[in-house]
Structures are given as C-alpha cells and as structure tokens.
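The values are calculated or read from the model by the stated rules, or taken from the named source; none is laboratory data. Just so it is clear, the model here is predicted, and its values are computed rather than measured. Note that each Cβ is placed from the backbone with ideal geometry, even for glycine, and that neighbours are counted across all protein chains shown. Ligands, DNA and RNA are excluded from the accessible area calculation, which covers all protein heavy atoms including side chains. Shrake-Rupley method; radii C 1.70, N 1.55, O 1.52, S 1.80 Å.
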Amino acid sequence: MTTPVDAAGAAEVLARHREVTVLCHVRPDADALGSSCGLARALRAVGVTVHHSFDPGVVPAALRGIPGTDRVVPLAQVPAHAGLVVTLDCASPDRVGAWERLAETASEVLVVDHHGSNPGFGSHLYLDPAAASTATLVLEMLEAGGYIVDTEIATSLYAGLVTDTGSFRWGGGPAHDTARRLLAAGAETEQLSHDLLDAHSFAWLRVLGELLTRVRLEADAVGGRGAVWLAVPHEVIAAADEDDVESLVSHLRGVREARVAVLLKEYLPGEWAVSLRSRGGNGGRGLVDVSAVAAALGGGGHPAAAGCTVRGDLEDVTARLRELLG
Ligand code: 5GP
Ligand code: MN
C-alpha cells in the first residue's frame with residue numbers, strides 16, 4: 001500500500017532513518033541527478049549514511065558539473081539494507097532500473113516525483129504534477145524538515161529547475177519563486193547553466209549538421225497540427241555524447257509548422273528511446289497530450305513532454321506512434 005504524503009510528511013519519513021539509498025532514473029537528466037545530489041548532501045550533513053546511485057551508475061560527462069555527482073556509486077555496489085530507499089524523478093518503478101533487491105530489503109520506500117503519469121508506488125508517495133521539477137519538491141522537503149540548504153545543495157537543485165523549466169520558459173511564478181529561494185541560498189548558476197544548456201564538443205556540430213538534414217516535416221499530421229520526426233540510428237549514437245543526442249529534441253520543438261516533435265534514439269540496436277514534445281496554440285489550446293501516447297507504449301511523462309522505449313524496427317515503431325498521435 002502506498003501512502004500519499006506532502007513535503008512535511010516526506011520530511012517525517014526521512015527523519016526516521018539513519019541509512020538511506022537515494023536513487024534517480026536510468027539515463028538521468030539534470031533534474032534526476034540535481035535533485036538526488038541535493039538530497040544526498042542534506043542527509044549526509046545531519047549524519048545519515050547515504051548511498052547515492054542510479055542504474056547502472058556512470059554519470060554522463062555533461063552532467064558532472066552538478067555538485068555531488070562525484071559521490072555517485074554504481075548500483076551494483078549499493079548494499080541492501082533495512083533503512084530507506086528514496087526514488088527521485090522516477091515516473092514508474094521500471095524507470096529506477098534493476099533496484100528490486102534494494103526495494104525488497106528496505107523498510108520504507110519514499111517516491112518523490114512530479115510526473116502526472118506516475119501510477120503511485122513505494123510505501124510513501126510525494127507526488128506533485130504542478131511542480132516544475134523534482135528539485136522543487138526536494139527543496140520543499142528540506143525546508144519542511146529544517147535541513148540546511150547550502151551553496152552546493154542549492155546549485156544542485158537549481159540544475160534540475162533550470163533544465164526542467166526550459167530556462168524558465170515554463171513553470172511560471174512558482175518556478176521563479178523556487179529560483180529566488182535557491183539563489184538566496186547561494187546557488188551558483190552561470191557556469192552551471194553554460195555546462196548544462198550550451199556546452200558541446202566541436203565535433204558534435206558536424207554530426208548535428210548531418211542529422212538535421214534528416215528531419216522530416218509532416219505538416220498535415222496529428223489532425224493538421226503538424227509533426228516533425230527525427231530518428232538517430234545506433235551507429236550515430238554509439239559515436240556521440242548522450243547529452244548531445246538528448247539535446248536534439250530542442251531543435252525539433254522549435255519548428256513553427258509542427259505542434260508535435262518526435263525524436264527516436266536507438267541507444268541499443270533495435271530499441272528506440274522515444275522523446276515526444278507537444279505545443280498548444282494560444283493559451284495552450286489544442287495541446288496534444290503526448291504523455292497519453294507514451295503511456296500507451298509503456299512510458300509516461302508530462303502532457304507536453306513525455307517518453308517511452310519501444311522495441312522493433314524503425315518502420316514499425318514509427319507506424320505505431322503515428323497511429324497513436326492520430
Ligand atoms: P525525455 O524525452 O526528456 O527523455 O523525457 C520527457 C519526459 O518523459 C520526462 O519527464 C521523462 O521523465 C519522461 N519519460 C521519458 N521516458 C520515459 C519512460 O520510458 N517512461 C516514463 N514513465 N516516463 C518517461
Ligand atoms: Mn524532472
């Protein structure tokens with residue numbers, strides 16, 4: 001049974017434990033790593049033994065600027081213990097990877113997330129789909145529990161906030177208020193924002209140029225809303241930085257003629273990680289809920305940004321997506 005909790009309730013769960021495993025989702029982004037780094041450091045500061053990990057546990061180079069990522073250990077090295085497991089930014093149990101042995105041994109599992117598609121798991125669920133980032137929820141939890149938010153914690157949490165809000169393009173007043181609190185706590189933002197949002201290798205520009213020639217526009221798709229598609233085959237992915245590949249979706253979502261963007265990434269041969277993005281008209285009207293499309297394929301996310309992983313050849317995967325998008 002899963003008990004829903006708010007920030008104060010989540011802080012009470014944290015306060016019950018002296019040994020805590022902090023996990024975020026597979027193929028972590030800045031919100032997954034930033035929120036977990038912030039929580040891990042706050043718990044260590046009050047003497048808690050913390051194991052900070054994800055499956056399998058190698059931090060992508062582009063995210064190593066987030067304070068605390070140097071203390072991430074491989075999942076295989078995390079001991080099973082009877083304390084607490086916290087999962088951050090994981091919309092479903094499978095997003096945590098192969099963590100069953102840890103969940104089974106733990107006396108409590110606290111799930112902290114902001115994805116509306118989260119079905120609810122763990123012993124305690126702190127879920128707020130209105131929150132701009134999971135980092136926001138960690139800040140709420142730390143403030144409710146009276147933890148000290150130092151410069152490093154604030155910087156880690158800011159990493160999640162600035163990326164999940166598309167540099168504050170969405171998230172509104174509450175996101176700016178969270179930023180204000182993190183800045184007041186000493187968050188260092190300039191180098192971090194460059195590292196997370198702008199930096200890439202020179203070699204990537206050539207790959208990007210070639211990939212952009214492959215983007216397809218279907219102006220009449222999705223009931224006339226238009227869709228852009230790009231598939232990145234395994235041989236291209238194998239030679240590129242994961243973070244650079246993930247950034248491709250931002251080029252697609254800017255296309256005026258399309259309200260829906262689909263990026264297919266063949267990280268493993270025959271297995272496509274799909275990123276879906278959607279944009280409504282004025283005031284968000286006519287927004288296609290891509291989290292429903294992702295959920296139909298075993299994934300999830302937010303109405304305007306969602307993902308899933310589908311096995312099969314590219315034509316089949318594309319056909320299934322096209323049918324679901326309508
Ligand atoms: P992205 O396209 O950036 O990987 O993901 C967009 C959103 O969808 C993120 O909030 C991410 O957590 C969620 N998401 C991506 N892939 C999956 C998936 O396979 N399952 C679920 N439940 N959510 C996903
Ligand atoms: Mn997030």
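What do you get for trypsin sites (Lys or Arg not before Pro) in segment 22-107 restricted to DSSP loop and a cutoff of at most 15 other Cβ within 10 Å of the site's Cβ? Mind showing how you got there, number by number?
Working: sites: 41, 44, 64, 71, 95, 101; in loops: 64.
Passing sites in segment 22-107 are 64.
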>> I'd like the distance separating the alpha-carbon centroids of segment 129-198 and segment 1-66, in whole Å.
In response: 15 Å
> Of all the accessible heavy-atom surface of segment 207-279, with the other protein chains kept in place and a 1.4 Å probe, what percent is carbon and sulfur?
Replying inline: 49 percent
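I'd like the antiparallel share, as a percent to the nearest 5, of DSSP beta bridges with both residues in the chain.
Values: 20 of 49 bridges.
Within the chain, antiparallel bridges account for around 40 percent of the total.
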>> Show me the GluC sites (Glu not before Pro) within segment 232-276 that DSSP assigns to loop and that have at most 13 other Cβ atoms within 10 Å of their Cβ.
In response: 257
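Which helices, counted as full DSSP H runs in the chain, have an axial Cα extent of no less than 18 Å and a Kyte-Doolittle average of -0.5 or above? Intermediate values should be presented prior to the final figure.
Numbers: long enough: 30-45 (22 Å, 0.50); 151-164 (20 Å, 0.59); 172-184 (19 Å, -0.45); 242-253 (19 Å, -0.61).
Result, helices passing both filters: 30-45, 151-164, 172-184.
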>> No solvent, one uniform scatterer per C-alpha: report log10 I(q)/I(0) for the chain via the Debye equation at q = 0.12, 0.13 1/Å, two decimals.
In response: -0.82, -0.96
> Based on the alpha carbon coordinates of segment 70-172, what radius of gyration and maximum Cα-Cα distance (Dmax) apply, in Å?
Replying inline: 14.5, 42
> Once segment 3-197 is represented by equal point scatterers at the alpha-carbon sites, with solvent omitted, what log10 I(q)/I(0) does the Debye formula produce at q = 0.08, 0.16 Å⁻¹?
Replying inline: -0.21, -0.91
>> For a quick check of your reading of the filter: which trypsin sites (Lys or Arg not before Pro) in segment 119-210 sit in a DSSP loop and have no more than 12 other Cβ atoms within 10 Å?
In response: 169
